[in-house]
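See structure below.
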Amino acid sequence: MSFLHPGVLWALASILVLIFFSLWRQRPVSVKVASLRIWRQVPDRVAPLKSLKKPRWSLILLLQALVVAFVVLALARPGVVRRESLPRRITVVLDVSPPMSIRGAAVTAELAKLDPKDHVRYIESPTLRRSRSFTFADRMGDPTAALELAASESRHVIWVGDRDTPWMPPPGVTLHRVLVGSPVENVGILDARIDGGKLFVRLTHPVPYSVTIDGVRRTATGFLTLIPSTAARVEVELPADAFTLDDKVVLTRHAESIDVAFEGRSDENVKAAITANPRARIVKSRTPQLLIRIDRDFSPSDAACVVYLEPRGVEAWRKPRTVSVEDGDLGKIIPASEVKLREVGDLGGAWDRVLLSADGKPIVAVKGRDVVIAARWDSAGWPVHPSFPIFWTYLLEYASRGSGEWVAAGLRDASASALGRESRPLDPRALGDRPRLDHRIDLTAAAVLLAAMFLAGAWVMDSKRNA
Amino acid sequence: MIFDAEFLKRLESLRVAVRRALQARREGDRSGIRKGGSAIFHSYRNYAQGDDFRSIDWSLYARLGSLFIRERTREEAPDLRLVMDTSESMQFGDPTKSDVARKIAAVVGFLVLGEGGHVRLGSRSFSGEGMRHELFSVLENEAMPAPIGELRRVTGKPLVIAISDFWDDGWREALAPVIGSGASINLVHVLSREELVPTTRGIVRFVDSESGIGVSKYVGDEEVAEYDRLVKKECAGWREWSMSREVGYFRCASDEAFEQIVLVLLRGEGLLE
């Protein structure tokens, strides 16, 4: 037990005063009388005589002493201190770049060393996703952003990756490096392209690899392989090793014609504008060069280019007051005055390019190879205006950019193939002791209550005695 | 102030009553001799109801089996000897026993002086009605001599009125020669209410007011009952002793109505019907 004002406890000596005063009161009352003659004749009772010589024990005195004791205790502000250990706040930055795809078991084993009583958060790098789902990114990335974010949230930051990071924590933050690398031999495809009828392949280590041309497989070595002019698909594949993400590349050549496919609501005006272009070929392929989605949600696609018309998820369709066209390919052929829109929807988020804006907000924008058009037009307006097949012409050109050329899929950057070799396990002791919090339970009210109870008891007993 | 205007007024009305009584007695007495009190033996007569029992001749009763009153003649000038106890033990009560004693002495002295008698108080002597104020002054302001010593100085056959709580030992021994000399003695036994009905309870140390000696006792209901019995026994002892010696005895509490005390006393003395 602790006391906020321990010096007050000296007042407990007043109990001695109380006892002394009680004993003093028990002394015989002196009464002067005219004569002792009669009183001398009054016989003494044995018991009272004895009691005159020693103090009488008194329950009331005991209760009074307890009242004094608990009042003094209450003034001293008693309390009980409980020391609680608080959980540590730890943020784990998980490297989910492609090389980590083979380190899942090691990462799980290291993370199992963390104490479940601690508050542990996870941030994946370089995606900045707050989870430990081990959804691996398709690219390498700088972990600095994830580590900075973690340092802003916790004093303990644990970096889990297959290679060290040069990032230095700010003052007050401790970085614990947990490396799950290991000496794993890996051969990967660093580069693959077809130029002038020749296949050029660069590997991390020169090893034999297989080349499949339009389904015909053969083994190749060296850097160059001849490719027939009629070939449309070339696959380059290395022997399987521990890290397989860099073991295969597929090169395809785009055709002169442009395959166009539709999804979602049917729109005859748009279809007519497309078919007016002689290069366009409407197909039902899942991998066209141009996929037009009308009134559909955003979703991944294997098409080279996706155009969204009236996409779902756009909020607040409204009548535009002003429309502006960006300077660029589309801007120079579409005057803003020609754009007749019934309603527009605001496209939030970040875009690589904004082609059209209404009232200062993007309504037609480009991200990657996708084009989003958040606009509804009148039957007489764009893009069904007779001049507007030109829009679709440029769009088809945009979608078919590189047609006839070879495009490689599955290439990784060089750092993805360089697997981390360093191993450094997690030492939970390095996290230090948990912070402790002294929680004081104040007992003053209890002392006051007890004093009041004893006071009431003494008062009741005294009243009964005097009754 | 013991003798205030109210007291003197009451005293005057008492004196009138006493004088009427005395005058009536004189008119009924052919010999013109006042009877009773400290006087010379005159004759015997049969006892009649209401006669002062102190006048009964007990020796004659023993011989004859009948009650006879011894009649005495009184001197024309009554001689009153006041013996008052104003010691420390008499300072108890509310009013104090000492104040009551002084008032009783004043009343009796006043009446005697009014009848042309003499009053002796210690070494002081008062005669005649004109000295009553001086008597009051002495009673109120001066210390009274020790009563037992005073009894030893009684000579002749005066009317002796001794007023005390009679706690001191030696009273009876001191009264014996006075009784034997033929003086008419009246004892006024004054006790305080606390002496008659003690209210103290618990562990008590009783301290004698005069000697300073203390006695510790536990006082409960049983002790108080025993005390009451012993006090009554003490008073009864004085009454029996007085009766056996033809000494007048009257007991009162100091807080009783003063008029009642005086009237009973005077009736007993025969000064009032």
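Coordinate-derived values only; no laboratory data. Computed from a predicted structure; not experimentally measured. Backbone-built Cβ (ideal geometry, glycine too); neighbour counts: all protein chains shown.
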For this session: Report the extension gain between A:A11 and A:E84 in nm, rounded to one decimal, defined as 0.36 nm multiplied by the number of residues separating them, less their alpha carbon distance.
Result: 23.0 nm
Seminar exercise, completed: Neighbour-count ranking for A:E185, B:E129 (other C-beta within 10 angstrom, fewest to most) reads A:E185, B:E129
Seminar exercise, completed: Listed with the fewest Cβ neighbours within 10 Å leading, A:W167, A:W317 appear as A:W317, A:W167
For this session: Just grab the label-to-label distance for A:D164 and A:D118, each label 7 Å out from Cα along the Cβ direction, in nm (one decimal).
Result: 2.1
Problem set entry | Dipole in debye (nearest 20) - the protein assembly as shown, about Cα centre, beta carbon charges: Lys, Arg +1; Asp, Glu -1 | 1600
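Relative contact order for chain A: what percent, with Cα pairs under 8 Å and sequence separation of 6 or more? Don't skip to the end; give the middle numbers.
Numbers: 878 pairs, mean separation 89.3, N = 467.
Rounded, it is 19 percent for chain A.
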Seminar exercise, completed: Residues meeting the amide H criterion for A:R233 (H placed from the backbone, H to H distance under 5 Å, 5 or more places apart or on another chain) are A:D214
Seminar exercise, completed: Surpassing 24 Å at the alpha-carbon level, of the pairs B:K97/B:K233; B:K157/B:K232; A:K340/A:K361; A:K271/A:K340, are B:K157/B:K232
Problem set entry | Kyte-Doolittle mean at least -0.5 and Cα axial length at least 30 Å: DSSP H helices in chain A | A:444-466
Exercise. Taking other Cβ within 10 Å of each residue's Cβ, how do B:S244, A:S301 sort, fewest first?
Worked result: B:S244, A:S301
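Summing +1 for each Lys or Arg and -1 for each Asp or Glu, what net charge is found among the other residues whose Cβ lies under 10 Å from the Cβ of A:E84?
On the way: positive: A:R82, A:R83, A:R434, A:R436; negative: A:D438.
Summing Lys/Arg as +1 and Asp/Glu as -1 gives +3.
Based on the alpha-carbon gyration tensor of chain A and its eigenvalue square roots a ≥ b ≥ c, which shape applies: rounded if a/c is under 1.5, prolate if not and a/b is larger than b/c, or oblate?
Numbers: a/c = 5.90, a/b = 2.61, b/c = 2.26.
Taking the square roots of the gyration eigenvalues as a ≥ b ≥ c, chain A is prolate.
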Exercise. Which percent of Cα pairs goes in each bin when the distances of the stretch B:113-207 are cut into 5 angstrom slices starting at zero?
Worked result: 3, 10, 18, 19, 18, 13, 9, 6, 4, 2, 1
